[in-house]
Each structure stands twice: as structure tokens, then as C-alpha cells.
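Participant: Dropping the structure in here first, questions after.
The values are calculated or read from the model by the stated rules, or taken from the named source; none is laboratory data. Source: prediction; values computed, not measured. Glycine gets a Cβ as well: all are built from the backbone with ideal geometry, and neighbour counts include every protein chain shown. For accessibility, only protein heavy atoms count, side chains too; no ligands or nucleic acids. Shrake-Rupley method; radii C 1.70, N 1.55, O 1.52, S 1.80 Å.
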Amino acid sequence: MSGEDTDKQAIISVRNVRHSYREGDGIKEVLHGVSLDFYAGEIVIIMGPSGSGKSTLLKLIGAQLTLQEGDVRVGEHELKGANADDLMRIRRDLGFIFQTHHLLDSISVLQNVELPLAFDDTATREVAKERALEALKTVGIDAQAHKKPSHLSGGQRQRVAIARALIRRPKIVLADEPTASLDQKSGREVVEIIRKMAKELGVTVVLVTHDNRILDIADRIVSLVDGRLQEGQM
């Protein structure tokens, strides 16, 4: 989805984004004027060598880093000039899946999935439980709802993390190396769930990976090399 989609409204729009980090006594620029659009319901995989800027781009889209130069629009929200409260609201509308699951072993799987709704005044405890069970069922792990995460396999824990990302029913999910710690079988199961999430729920997935085994789920593969964009269509 590239040139032929210019008449469509992008759900994420990145324009001329540059980003730098302080490195020693100098400044290292990791993104060099990146421009890119993402559309509803598509899976876009961002690849590139270590240090190419792919995780930085994902964090900028996810309002986890301050935008230095350029423009990023996520849904109806412009990130440029957004204050801390605005950024928090934007993050709450997104789903995040990380390489490490960030699950709490002291509480159950169900309670872990409910956590994003803990500070949502519109979700009662009953609603939170119902939506958590629905999300767990979507990823095929509702039978494990009352276990502790430490009793699950790595692939099962990543399914829980995906369920947690879905509980707010986001239109956009950002995934950072979701299969990096998994064996081939578990990694394949997880990406098939991500594919299902995109195609059945209409979720836009932006996924950063080094894993060549999962490229077949992508609608598009975008490569970042030294902070510059290279794009190919599958």
C-alpha cells in the first residue's frame, strides 16, 4: 500500500521526521527525514540492522519519545506540540506489545489483562473482567485466565501480552520484537494471532522485527538503513 493509496486517509502519518540522541560529546542523528503512511487494517513490518532507527520510529509513533523535528499524526491527534496530558491520552488509545512481556507474576493472567482499565473511570470491575476474558478468548488462552504468568510458557505469556494490548479495543497496535524471545513454533503462533487481530478486528499493526521467519504476515515491509527509508511491497 503505497502510491495507489494516496486517496485514502492514513491512520498514521509520519512526515519529515528527524531524531537525534546525545552520544558522548556529540550528537548522533538516527532518523533522517523519514516520511511514511500507515492505513487501517494493514500489517507493516519495519526491519533494519541494530541502530538503524526502527525502534526510535516506533516510540515516536507511540508518543513515548518527544518529537524533535517533523510531524506525526496518530488518528486525529497531532503529536507536535502535544503536552504531557495529550500524550498520555494518545498512548491510552494504542496497544503495545513488547519483546519482554511485562507481566506481573504476583497476580493472575486475567488481572494482568485488566490492568490497562484500572484507571479508566468508564470501566467497572465487571466490565473490565468481561473485556479481559473476551481478549483472552480472542488469543485462544482464556482457559489459563486464573493461572499466574509464571506457570505459562513463553508463547502463552506473549499471548497474554497481546490480550492486554487489545483490552482497550485500539485501532492501532505497536509491536516491538514480539517473537524475539520465542522458539519457531511459539513465534509462528503469536504472529498468526497478530495477523488475525489485523484482519478480523481491523487493527493497524506496526511491527519492528529482526525475525525473517515472520515476514509473510506483512502487507508491507519497510526497511530503515542508517535512519533512511527503503520500502518494498509484498
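Participant: Carbon and sulfur atoms: what percent of the 1.4 Å accessible area of the chain do they account for? If you can, show how the numbers build up before the last one.
Facilitator: Working: 5550 of 11710 Å².
Ligands and nucleic acids excluded, carbon and sulfur reach 47 percent.
Participant: OK, next. Skip the ligands, DNA and RNA, and give the accessible area per residue of segment 57-154 with a 1.4 Å probe, whole Å².
Facilitator: 58 Å²
Participant: Right, next: Students often get this wrong, so check it: of Lys59/Lys129; Lys54/Lys185; Lys59/Lys80; Lys28/Lys59, which have C-alpha atoms separated by over 21 Å?
Facilitator: Lys59/Lys129; Lys54/Lys185
Participant: Could you order the peptides 65-75, 197-207, 163-173, 82-92 from most to least packed, using the average number of other C-beta atoms within 10 Å per residue? Please report the intermediate quantities before stating the final value.
Facilitator: On the way: 65-75: 17.0, 197-207: 19.6, 163-173: 21.5, 82-92: 13.0.
Peptide ranking by packing, descending: 163-173, 197-207, 65-75, 82-92.
Participant: Considering amide H positions built from the backbone, and no H for Pro or chain starts, which residues 5 or more places from Ile46, or on another chain, come under 5 Å of its amide H?
Facilitator: Leu207, Val208, Thr209, Val222
Participant: Any idea what angle helix 154-166 forms with the longest principal axis of the chain, computed on alpha-carbon atoms, 0 to 90 degrees, nearest 10?
Facilitator: The angle comes out at about 80 degrees.
Participant: Per-residue ellipticity at 222 nm for the chain, helices alone: DSSP H runs ≥ 4 residues times -39500 (n - 2.57), over residue total, nearest 500 deg cm²/dmol?
Facilitator: Values: 6 runs with 68 residues, N = 234.
Calculated mean residue ellipticity at 222 nm is -9000 deg cm²/dmol.
Participant: With a cap of 11 neighbouring Cβ atoms within 10 Å, and only residues DSSP puts in a loop, list the trypsin sites (Lys or Arg not before Pro) found in segment 1-72.
Facilitator: Within segment 1-72, the qualifying trypsin sites (Lys or Arg not before Pro) (loop, at most 11 other Cβ atoms within 10 Å) are Lys8.
Participant: Amide H to amide H under 5 Å from Val225: which residues, 5+ apart in sequence or cross-chain, H placed 1.01 Å off N in plane?
Facilitator: HN-HN under 5 Å from Val225: Gln230.
Participant: How high is the relative contact order of the chain? Use alpha-carbon pairs under 8 Å, at least six apart in sequence, and give a whole percent.
Facilitator: Relative contact order here is 28 percent.
Participant: Return the single residue from Ser55, Ser20, Ser186 with maximal mean-square fluctuation; model: Gaussian network over the chain, springs between Cα atoms under 10 Å.
Facilitator: Looking only at Ser55, Ser20, Ser186, the biggest GNM fluctuation is shown by Ser20.
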